[in-house]
Amino acid sequence: AKEAADIVLLDEDFGSIVAGVRLGRRIFDNLRKVMTYIAAIHIPIAGIALIPPMLGASLIFLPLHVVVIQMVIDPICSLAFEHEREEPNIMDRPPRLLAEPLIGLPQITWGIAQGAALLAVCLLVHMVALGQGLAEDRARTLVFVCLTAGNLALVQVNATRRIALPLIFRAGSGTFWAIAVFAVTVLALIISIPVLAGVFRFDLPDAPSMAIAVAAGLTAPLAFDFLKPLLRRRAA
């Protein structure tokens, strides 16, 4: 019987079965969330790296910038989502179909839409910076700041099915904030230390420009955050 069965219960206590189902649903949810996030964040990274040279413009991001971003993305994927707690209604959902994929068209579309919005905002920041007469290195710095802020916002938006903004300091988000502090510290170092800034071709912007770049990076993901209730009502 054990060899023929798809699953074997070594502990037949009903409470253990419920706990196992809860854990399985939490793991599936978190894997789906991180896959959506990965689809979202790589759209602006690829777009910022590829679109300017394809249009005959100068490069915004160099390979070194992409490497630094990936150093932040990897721990976010493996740690922040892994430690995210389950949704409050996780046990109220009906069983999902066995054929349902880990990430389907709705999740991919949701991720691509978020990434495209962040890409558009980053390119807009670059265009406005150059239009105001800022040097290329300073414009590049503002785009990097915008993307970093947007990256962290994407994690929060995709980490929960609810509106994330009121839950930004929810229980279980300590790992995210540790990574956020690390990301901001790295960003501050490579912008403010002249030797590192020269390697990255950065130029320290003034405080108002930095604030605008951060706000722009946060705006695109948070706009999708407030669309969640509308999408849930439509699905229902």
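The values are calculated or read from the model by the stated rules, or taken from the named source; none is laboratory data. In this text the structure is predicted, and so the values were computed from the model without any measurement. Quick reminder, even Gly has a Cβ in these numbers, built from the backbone with ideal geometry, and neighbours come from all protein chains shown. To get the accessible areas, we keep the full protein, side chains included, count just its heavy atoms, and leave off ligands, DNA and RNA. Shrake-Rupley method; radii C 1.70, N 1.55, O 1.52, S 1.80 Å.
A few notes on this one:
- The chain - mean residue ellipticity at 222 nm from DSSP helices (-39,500 (n - 2.57) per run, n ≥ 4, rounded to 500): -23000 deg cm²/dmol
- In this rough spin-label picture, where each label sits 7 Å from Cα along the Cβ direction, the Glu86-Ala113 distance is 2.8 nm.
- Rolling a 1.4 Å probe over the protein chains gives Glu82 an accessible area of about 110 Å².
- What separates the Cα centres of segment 1-78 and segment 97-158 is a distance of 17 Å.
- Accessible area per residue for segment 1-108, computed on protein heavy atoms with a 1.4 Å probe, is 63 Å².
- Gain on full stretching of the segment that runs from Ala1 to Gln132 - 0.36 nm per residue minus C-alpha separation: 39.8 nm
- For segment 145-236, pairs of C-alpha atoms spaced more than 23 angstrom apart make up 35 percent of the total.
- Taken over the Cα atoms of the chain, the convex hull encloses 165 Å³ per residue.
- Considering only Leu64, Thr109, Asn151, and ranking their Cα positions along the charge dipole of the chain that arises from unit charges at the beta-carbon of Lys, Arg, Asp and Glu, the one farthest toward the positive end is Thr109.
- Of the whole protein surface, Ser209 contributes about 30 Å² of accessible area at a 1.4 Å probe radius.
- Share of pairwise Cα-Cα distances greater than 17 Å in segment 1-134 is 72 percent (whole percent).
- Leu134, Leu147, Leu9, Leu79, ranked by accessible area, largest first (probe 1.4 Å): Leu9, Leu79, Leu134, Leu147
- Loop-exposed trypsin sites (Lys or Arg not before Pro) per DSSP, neighbour cap 10 Cβ within 10 angstrom, longest uninterrupted part of the chain: 97-236
- nm² value of the averaged projected area, convex hull over the Cα atoms of segment 53-100: 7.0 nm²
- Share of carbon and sulfur in the accessible heavy-atom surface of segment 31-186 [1.4 Å probe, %]: 73 percent
- Rounded to the nearest whole Hz, the Karplus-based 3J(HN,Hα) values (6.51 cos²θ - 1.76 cosθ + 1.60, θ = phi - 60°) of segment 70-81 follow the sequence 5, 5, 8, 5, 4, x, 4, 5, 7, 10, 4, 6, with x at glycine and proline.
- Lys, Arg +1 and Asp, Glu -1 on Cβ, resulting dipole of the chain about Cα centre, debye, nearest 20: 600 debye
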